[in-house]
Structure formats: structure tokens, C-alpha cells
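Structure first, then comments.
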Amino acid sequence: MGGVDSTMKDVTVEDVTAVLAQSLGLPPGGPAHGESLHDAFAMDSVALLEFIVALEKRFGISIEEEWLDIGRLLDFPALAKYISQRRGGTD
């Protein structure tokens with residue numbers, strides 16, 4: 001998953017978790033339902049920043065300051081929808 005994904009398809013939860021796994025150097029996949037990112041991946045503030053930068057590079061967007069809240073970033077369905085909207089995809 002090198003640079004910007006130039007396709008305008010909607011971003012899925014799987015896309016988001018793949019970026020997360022790649023930014024943490026882990027195999028693809030996300031946390032189990034109900035498991036926090038911290039518990040699943042021992043994610044600290046540096047890892048969270050790396051995840052944000054990886055999302056911005058992968059999808060060619062800038063994540064707005066209001067989305068830099070940990071609670072919002074951990075809501076993968078909402079985050080996928082937000083990224084799709086930022087890229088000009090559908091709701």
C-alpha cells in the first residue's frame with residue numbers, strides 16, 4: 001500500500017484497519033470487536049500519530065483537527081465514512 005490511492009471508491013473499515021496494521025508493522029487485520037486499539041496493538045501516542053500520518057498519505061487527505069480525538073479515531077466505521085467524504089466519495 002504505497003502512496004495515495006487514486007481511486008475514488010468509498011473507504012471501508014478493512015481499508016482503515018489495513019493502514020493501521022501497516023503503520024504498526026503488523027499483519028493485516030484489526031482489533032476484535034470490543035477490543036481497544038491499545039489492548040490489540042499496544043498503541044501509544046506515537047503509534048497513533050503514525051497511524052494518522054499513514055491515513056493521510058494513503059488516502060491523500062488531511063485529517064481535520066476535530067478528528068484528532070482518540071474516541072473518533074477508534075470508531076473505524078465513522079472514520080472510514082469521514083475519509084470517503086474527504087476524498088469526494090459517497091456518504
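The values are calculated or read from the model by the stated rules, or taken from the named source; none is laboratory data. What you see is a predicted model, and the numbers here were worked out from it, not measured in a lab. Here Cβ is always computed from backbone atoms with ideal geometry, including for glycine, and neighbour counts include all displayed protein chains.
Return a yes/no flag: does segment 17-24 have any residue that is in a helix (DSSP H, G or I), touching a Pro at 6+ places or on another chain (Cβ under 9 Å) and either modelled with pLDDT under 70 or among the hydroxyl-bearing types (Ser, Thr, Tyr) (or both). Scanning segment 17-24 turns up at least one residue that is in a helix (DSSP H, G or I), touching a Pro at 6+ places or on another chain (Cβ under 9 Å) and either modelled with pLDDT under 70 or among the hydroxyl-bearing types (Ser, Thr, Tyr) (or both).
Residues 39, 5: which one is in a helix (DSSP H, G or I) and at pLDDT below 80? Steps first, please.
Values: 5 fails: in a helix (DSSP H, G or I).
When all the criteria are applied, what remains is 39.
Please pick out the residue among 72, 86 that is in contact with a Leu (Cβ under 9 Å, 6 or more places away or on another chain) and part of a helix (DSSP H, G or I). I'd like the intermediate steps shown before the answer.
Numbers: 86 fails: in contact with a Leu (Cβ under 9 Å, 6 or more places away or on another chain).
Testing whether each residue is in contact with a Leu (Cβ under 9 Å, 6 or more places away or on another chain) and part of a helix (DSSP H, G or I) leaves just 72.
For segment 44-91, a residue qualifies if it is touching a residue at least 40 places away in the same chain (Cβ under 8 Å), farther than 15 Å from residue 21 by Cβ and touching a Phe, Trp or Tyr at 6+ places or on another chain (Cβ under 8 Å), and the qualifying residues are 83, 87.
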